[in-house]
């Protein structure tokens with residue numbers, strides 16, 4: 001009876017979906033199954049999911065598969081096909097190796113289809129373990145360096161934004177300030193546009209005032225609507241053009 005193989009496809013940014021990353025990974029798995037007489041399940045796909053912090057194993061398709069394995073709903077002797085071990089994890093070596101060994105000890109054979117390496121319980125040898133550890137270690141170090149570079153770049157941008165305008169882009173009803181200052185603060189506003197916004201606001205309150213709406217349409221929601229209109233609508237950051245420079249790490253870590 002043909003055995004079942006699960007291809008696991010992962011790429012860390014949705015931009016990669018436009019390329020051949022997913023196609024390349026699935027085609028390699030199809031070729032492997034055709035050569036070895038396996039039935040392929042192509043349902044395990046993590047699109048735009050990083051493996052650096054283990055999101056794919058926590059909440060992604062890989063995580064769902066691992067839970068099925070742990071529950072015994074994936075037959076022992078099944079195959080997990082990946083392009084390379086770094087598709088499974090880019091976490092620190094202890095975490096990545098622990099996950100790798102847990103899969104293998106559950107009776108699932110891991111195959112890296114780019115080089116045909118097979119990792120199977122009871123058949124692991126020292127050379128295979130050394131190769132797997134080196135691949136996992138390299139993947140983690142690559143992602144770690146990338147994260148550190150991105151973090152450093154955003155720290156520089158945040159500091160620079162305090163004294164220098166970083167871009168000429170801003171809402172159309174504003175004009176950029178001089179070389180100093182932050183976009184959205186202290187910029188001259190087109191009086192015509194400002195007046196137009198005022199007319200719109202007057203029209204809104206005439207046609208759709210909290211009192212009129214709650215009286216005519218939502219009598220039971222009067223307090224809620226008034227709180228929204230007066231406390232949210234006209235202080236929305238898209239209206240006042242507040243530009244924030246939050247410190248964050250991009251998720252585009254392979």
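The values are calculated or read from the model by the stated rules, or taken from the named source; none is laboratory data. Since the model is a prediction, treat every value here as computed from it, not as a measurement. Positions of Cβ are generated from backbone atoms using ideal geometry, with glycine treated the same way; all protein chains shown enter the neighbour counts.
Residues of the stretch 19-72 that are in contact with a helix residue (DSSP H, G or I) (Cβ under 9 Å, 6 or more places away or on another chain), more than 28 Å from residue 137 (Cα to Cα) and either modelled with pLDDT under 95 or assigned to a loop (DSSP other than H, G, I, E, B) (or both): 38 alone. Residue 57: farther than 12 Å from residue 11 by Cα and within 21 Å of the chain's Cα centre (by Cα), yes or no? Judged against the criteria, residue 57 is a match. For the stretch 1-37, the set of residues classified as free of Cβ contacts under 8 Å to residues at least 60 places away in the same chain, under 20 Å from residue 69 (Cβ atoms) and surrounded by 11 or more Cβ atoms within 10 Å (Cβ to Cβ) consists of 33 only. Answer with yes or no whether residue 81 is buried (at least 21 other Cβ atoms within 10 Å of the Cβ), at pLDDT 95 or above and in a helix (DSSP H, G or I). No; evaluated as a whole, the condition is false for this residue. In the stretch 135-188, the residue that is farthest from residue 88 (Cα to Cα) out of those that are in contact with a helix residue (DSSP H, G or I) (Cβ under 7 Å, 6 or more places away or on another chain) and modelled with pLDDT of 65 or more is 166.
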